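The values are calculated or read from the model by the stated rules, or taken from the named source; none is laboratory data. Since the model is a prediction, treat every value here as computed from it, not as a measurement. We work out accessible area using only protein heavy atoms, side chains counted, and drop any ligands, DNA or RNA first. Shrake-Rupley method; radii C 1.70, N 1.55, O 1.52, S 1.80 Å.
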Amino acid sequence: MRLKTTLILDSLDALAEIVAETGIEFHHRGGGILYLHRSAVALEAADAMMRGYAGMGVTAHRLDAAECVALDPALAPMADALAGAILCEEDQSGDCHAFTAGLAERCAAAGVTFRFGTTIRRLAGEGGRVVRVETASGDIEADGYVLALGSYSAPLARGLGLRLPIYPLKGYSLTLPARDAAPRYSAVDEAGHIAWSRFGDRLRVTSYAELAGYDTTVDPARVAALVARARAILPDAADWDRPGGWAGLRPMTPDGQPLVGPTPFANLWLNTGHGSLGWSMSCGSARRLAGLVGGTAAAGD
């Protein structure tokens, strides 16, 4: 957990640098995220855990139910069910799609070539090196390669004899029109296993984790159940009759640690296995990997 925390803090620093340099707009919100707890026992345990991270630069405050509602009035409907929350001040939120699209535009302007809609068939290795990427649109040869395909990294790596401990965990999210009473703060209802963030005039709600292999089919029953759960917590926050449901795969590893670094192939590196925290660890992972590929950092850094 401490390794993940370090990587997340590194990512916040790297993200700030990128935003300062590029000015990308992605509905960024600072000020922290609320981790809500419905029992005193759970709240006390979370508080004790966060105190253990104080030396790493993590600032966390314990709030009671009344303080939660004062901070974010949208939580008033669930106040009676709340024991309190942990407010982690360093945590931030934003629309990762908007950020990624904005970053891609700037990279393209700087000369980066993106090949969208390209199906990779296999990585070809010879003599301890990757020599080409074979795709449905032809082969691609390069001096170095980074495998950063999320849940799809594992099946592609098997062609090289690499066994990556990554399994896809299917998660659901909703995007709905936000109302004036939408939450001010991003939050996680720990007991309800549901989280939400406001992106301008939209509310994003996420939940569920299914073992469904590589199936990304959106189950209407799952969407309806998620709408019902979120609506019960935040009844006035969004237009609940207009949900946009989506399902995606979280590349999970057994211990929750991402795979960022070299492989037995001299010119192949990994940046994958970030689970449900890919956005949280993305910029730090990229900066760390850039140091490894460029030879300015050691594998253990």
* Structure fact -> quick note, the chain, DSSP beta bridge pairs, % antiparallel (nearest 5) is 90 percent
* **Extension reserve of the L160-M56 stretch, reckoned as 0.36 nm per residue once the Cα distance is removed** => 33.6 nm
* For the chain, which whole percent of the accessible surface, found with a 1.4 angstrom probe, sits on carbon and sulfur atoms? -> 54 percent
* Mean accessible surface per residue for the range 11-158, computed with a 1.4 Å probe while every protein chain stays in place, in Å² -> 54 Å²
* Cα centroids of the range 262-295 and the range 11-69: how far apart, whole angstrom? -> 24 Å
* Pick out which of C107, C68, C283 has the largest mean-square fluctuation in a Gaussian network model of the chain, springs linking Cα atoms closer than 10 Å. => C107
* To do: Apply the Debye scattering formula to the range 17-166, with a single equal point scatterer on each alpha-carbon and no solvent, then give log10 I(q)/I(0) at q = 0.12, 0.15, 0.19, 0.20 Å⁻¹.
  => -0.81, -0.93, -1.10, -1.16
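Kirkwood Rh over alpha-carbon pairs of the chain, then Stokes-Einstein at 25 °C and 0.890 mPa s: what D in µm² s⁻¹, rounded to an integer?
Translational D for this selection: 117 µm²/s.
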* To do: Taking every Cα atom in the range 130-172, find the radius of gyration and the maximum pairwise distance Dmax, and write them in Å.
  => 12.3, 38
* Asked: For all pairs of alpha-carbon atoms in the range 117-195, what percent lies in each bin of width 10 Å, listed from the first bin to the last filled one?
  -> 13, 33, 18, 16, 16, 3, 0
* What ranking of E190, E141, E126 comes out by heavy-atom accessible area, probe 1.4 Å, highest first? -> E141, E126, E190
* Asked: Accessible surface of W240 in the full protein assembly, 1.4 angstrom probe, to the nearest 10 Å²?
  -> 10 Å²
* To do: Quote the relative contact order of the range 129-286 in percent (integer), defining contacts as alpha-carbon pairs under 8 Å separated by 6+ residues.
  => 30 percent
* To do: For the range 123-279, restrict the atom set to alpha-carbon positions and state the Rg and Dmax in Å.
  => 19.5, 61
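Could you report the range 208-275's accessible area per residue, 1.4 Å probe, as an integer in Å²?
48 Å²
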* **Calculated SAXS-style log₁₀ I(q)/I(0) at q = 0.11, 0.15, 0.22, 0.27 Å⁻¹ - the range 236-301, Debye, Cα scatterers** => -0.39, -0.58, -0.95, -1.18
